[in-house]
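Here the structure comes first, spelled out in structure tokens, and everything after it is commentary.
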Amino acid sequence: MIEPHQWDQIQSIFDAHESFLISTHLNPDGDALGAEIALAEYLRCFNKKTYIVNISPTMANYSFLDPDEEIIIFDETKHMHLLTDVDVFIFVDISDWERMGSLGDHIRRLESPKICIDHHHMTTKFSDIDIILEAASSTGELIYDFLHHVNFKITGKIATAIYTCLLTDTGSFRFSNTTARTHEIAAELIHNGVNSRAIYEYVYESNSPEKIILMGLALSTLKFECDNRVAWFCLTQKMFAQSGAQLWDTEGFPEIPRTIKDVEVSIMFTELEENRTKISLRSKGRIIINAFASSLGGGGHNYAAGAMVQQSLDETIPWVLNQIKQLMSAEDISHGISAHRRGATIKDDTLINFD
Ligand SMILES: [Mn+2]
């Protein structure tokens, strides 16, 4: 649990300052965007000047969260003054500078106070005040706890934003991070008037034809290893070109093979460039994969993790499969990982989407 005094500390920073810049990770998901919108709306209720500035555009299926298009997509030539003018930076759903791209490079050099509210595993201190609860289903759940702590009456816009955080980061209340608390908050938000069916349609039933065409191409590469306990597939640049889909259209793809009976771990390989490949890992809940992701140079949650490597797709696939086979067969999993670390050129960044 986040201690009450930690929330009090956050509130006292809000009270003491007038302008805020909220940001999150590359390719923001529903949790990141919902948390940003909810927090911005809260601050604006107290007439605080609040900007949301992101490094990546908002995916079309989340545009309902931002009907007034208040989210600013960072452009170095236009928005540097925003970074230097604001009193406080707030980061949600992120506690890792690498996942903020060039925006993080600019902000980390500035002296203004920085606050982070997140539910990812944090390896090193990130901001001045890090509010981290890995047990939270989503960052939205933490924002809800904060608003509850300060006795704020949640508005319709905030309720919709937080519900979207819960819905998307729990895979529609299916993943293992879904708790009684998650359902209690969701129920409370629905009591507040959230239209859960409408949100579901916006998020999950607004796919572009390009996305579904890409899904078909990708799944046609599906293969199995380790007595069908591992399933993997890949996305090539050619498939993106052929389908017309974009990288962000792959959201939700890594979970698909995990729905197959007996599959414990699914792996999606995405060819980002000729020598740059993204590895997305999902586990059904019996095999912890974030240590494995770390051994590949990435990180994430216990059952949803990933890495980005400076290798071609063709090099990466056998390299990872070889290691996952050893992980799956090793009785001592941690030994299995360390024994099979490879000296491949891994760029030290984790620009990945792991919820
Ligand atoms: Mn999240």
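What to note about this one:
- Some residue of segment 65-76 being closer than 24 Å to residue 297 by Cβ and either within 16 Å of the ligand (Cβ to nearest atom) or in the same structural domain as residue 23 (by TED's automatic domain parsing) (or both): no
- Screening segment 1-107 for strands (runs of 3 or more DSSP E) wholly inside it with 2 or more residues that are more than 30 Å from residue 201 (Cβ to Cβ) returns the ranges 19-23, 88-92.
- Tally of residues being among the β-branched types (Val, Ile, Thr) and either in a helix (DSSP H, G or I) or within 16 Å of the ligand (Cβ to nearest atom) (or both) across segment 108-120: 1
- Hits in segment 224-244 - residues which are under 16 Å from residue 284 (Cβ atoms) and exposed (fewer than 13 other Cβ atoms within 10 Å of the Cβ): 227, 228
- Flag if residue 137 is closer than 21 Å to residue 71 by Cβ, in a loop (DSSP other than H, G, I, E, B) and in contact with a Lys or Arg (Cβ under 8 Å, 6 or more places away or on another chain): no
- Tally of residues being among the hydroxyl-bearing types (Ser, Thr, Tyr), farther than 20 Å from residue 135 by Cα and within 16 Å of the ligand (Cβ to nearest atom) across segment 1-60: 3
- Looking only at residues in segment 30-67 that are buried (at least 24 other Cβ atoms within 10 Å of the Cβ) and among the acidic types (Asp, Glu), the one that is farthest from the chain's Cα centre (by Cα) is 36.
- Of all residue pairs spaced 6 or more apart or on separate chains, those with beta-carbon atoms under 7 Å, a first member in segment 135-156 that is closer than 13 Å to residue 10 by Cβ and a second member that is among the polar types (S, T, N, Q) and more than 16 Å from the ligand (Cβ to nearest atom) are 150/11.
- Search result, residues across segment 68-121 that are crowded, with 18+ Cβ neighbours inside 10 Å and among the hydroxyl-bearing types (Ser, Thr, Tyr): 95
- Residue list for segment 194-204, restricted to those being modelled with pLDDT of 95 or more and surrounded by fewer than 18 Cβ atoms within 10 Å (Cβ to Cβ): 195, 196, 197, 198, 200, 201
- Taking (1) at pLDDT 95 or above; (2) assigned to a loop (DSSP other than H, G, I, E, B); (3) away from the ligand (no atom under 16 Å from the Cβ) in turn, residue 124 satisfies each apart from (1).
- Some residue of segment 162-180 being crowded, with 16+ Cβ neighbours inside 10 Å, in contact with a Cys (Cβ under 8 Å, 6 or more places away or on another chain), of a type in the set (A, V, I, L, M) and at pLDDT 95 or above: no
- Subset of segment 201-250 [assigned to a loop (DSSP other than H, G, I, E, B) and under 17 Å from residue 278 (Cβ atoms)]: 221, 236, 245, 246
The values are calculated or read from the model by the stated rules, or taken from the named source; none is laboratory data. Only a predicted model underlies this, so the values are computations on that prediction, with no experimental measurement involved. Please note: Cβ atoms are built from the backbone with ideal geometry, for glycine as well, and neighbour counts cover all protein chains shown.
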